[in-house]
Amino acid sequence: MSSSTVITNIATLVTNDPSLGDGSPLGLVEDAALVIDGDRVVWAGESSRAPATDNRIDAGGRAAIPGFVDSHSHLVFAGDRTEEFNARMSGRPYSAGGIRTTVAATRAASDADLEANLTRHLAEALRQGTTTFETKSGYGLTVEDEARALRIAAAHTDEVTYLGAHIVSPDLADDPAAYVALVTGEMLDACAPHARWIDVFCEKGAFDGDQARAILTAGRAKGLHPRIHANQLSHGPGVQLAVELDAASADHCTHLTDADVDALANSRTVATLLPGAEFSTRAEWPDARRLLDAGVTVALSTDCNPGSSFTSSVPFCIALAVRDMRMTPDEALWSATAGGAAALRRDDVGRLAPGARADLALLDAPSHVHLAYRPGVPLVSGMWRGGVRLV
């Protein structure tokens, strides 16, 4: 039998429910309380109106926010690419070729080593407020290695993505058509039982629009829902393809035409922005302001991977989005919580309203604005996931 707990003395509660609090998209409640019963939120509002509960916790005038929903990461890998980063910061441009370095290290690693690396990064993310995460394969590029990556990931999250189409495997570099056939055939058969999503890197040097359509369509026929790496390094067909196939998200979205923005605005496809990648590659920032002003649903995520965005910190990405992508602190927080949930087609996470999972973080600050105002400072001081308080 579950017991109920009220968290009181919350300076500012972000509910992401406009029907609560101040009526804004964040549904801000001042001097707030939150009631948890089992793994769910059952009440949110002003402290003075909180119902009686079995247990009581004093938030000490801290802000409470939904746990971050990191909807794009690549955490099943081995090795690192320090030398590549160091060289790039000394003037060499990033290209997709560096992925092959991680593929070699990942293939050589044991299952235990891959899982230990995954759990280390998950613990790192959790300490910074992430309670829901998606992660992908894509560093194996053989039937066996892709399937084991997804099997390892699925032990730690429900949001698992098959990314056999990260790049053309070095084993079939001279025959991309044969690799597409493998990705849509034997590899897909082995991977589909372990995944919810299918993804493709639609980019020059990776997969073109026709190849990407074939891969995503084959995945959909196996019950996997599409997401897509789109328009990161140059303009291409990725965003239009994402909308055409009702992909849950088009990720990166750096190089967009007006037609791309319009297509996203008139679809269910979320534009997932990944500022850690631009930071780590000194690339052009996505124009978040343009997307938001057009009515596109935007998510913010880390893209945590060893090559182009080796950060697990959503607060860092929020600070980048506010400083360099012209998002307001409110928009950035919404995108990293409710936006990430939308990119995973979830309505049970990314908010703190009755019925939602009790996934939340307390900040050593009176307001969520401090996430951007105090960049680099570890503000998360308390965590609940599924109603369980984490130490």
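The values are calculated or read from the model by the stated rules, or taken from the named source; none is laboratory data. For clarity, every value in this text was computed on a predicted model and none was experimentally measured. Every residue, glycine as well, gets a Cβ built from its backbone with ideal geometry; the counts of neighbours run over all protein chains shown. Just the protein is used for accessible areas: all its heavy atoms, side chains included, with ligands, DNA and RNA removed. Shrake-Rupley method; radii C 1.70, N 1.55, O 1.52, S 1.80 Å.
Does region 122-272 come out rounded, prolate or oblate, given a ≥ b ≥ c as the square roots of the eigenvalues of its C-alpha gyration tensor, rounded meaning a/c under 1.5 and, failing that, prolate meaning a/b above b/c? Oblate, since a/c reaches 1.5 and b/c is not below a/b. Out of [x] 26.3, 87; [y] 21.2, 79; [z] 20.6, 68, which label holds the value of Rg and Dmax of the Cα atoms in Å that was computed here? Here Rg and Dmax of the Cα atoms in Å agrees with entry [z].
Per residue, region 272-382 exposes an accessible area of 33 Å² to a 1.4 Å probe, with every protein chain left in place. Helix 209-221 and the longest principal axis of the Cα set of the chain meet at an angle near 60°. Taking the protein heavy atoms of the chain in the context of the full set of protein chains, the accessible area attributed to carbon and sulfur is 50 percent at 1.4 Å. When D37, D17 are compared by accessible area of protein heavy atoms, the largest-first order is D37, D17, using a 1.4 Å probe. Computed from Cα atoms, the angle from the helix 111-127 axis to the main principal axis of the chain rounds to 40 degrees. Rolling a 1.4 angstrom probe over the protein heavy atoms with all chains in place gives region 1-77 an accessible area of 39 Å² per residue. For S234 and A108 in one chain, what is 0.36 nm times their gap in residues minus the Cα-Cα distance, to one decimal in nm? Additional length available on full extension: 42.1 nm. Once both labels are positioned 7 Å from their Cα atoms along Cα-to-Cβ, the gap between A52 and D262 label points is 6.1 nm. Of all DSSP bridge pairs formed entirely within the chain, close to 45 percent run antiparallel.
May I ask you to derive the relative contact order of the chain, considering only C-alpha pairs under 8 Å and at least 6 residues apart, and to give it as an integer percent? Averaging sequence separation for qualifying contacts and normalising by length gives 20 percent for the chain. For region 1-94, the relative contact order works out to 30 percent when only alpha carbon pairs closer than 8 Å and six or more residues apart are counted.
Across the protein chains, with a 1.4 Å probe defining accessible surface, the residues K204, K222, K136 rank K204, K222, K136 from largest area downward.
Centre-to-centre separation between the Cα atoms of region 302-350 and those of region 169-232: 25 Å.
FRET efficiency for the V391 to H156 pair, using the beta carbon distance and R₀ = 30 Å, is estimated at 0.95. Computed over region 241-310, relative contact order equals 33 percent, with contacts defined as Cα pairs under 8 Å that lie 6+ residues apart. Helix 99-108 and the longest principal axis of the Cα set of the chain meet at an angle near 90°.
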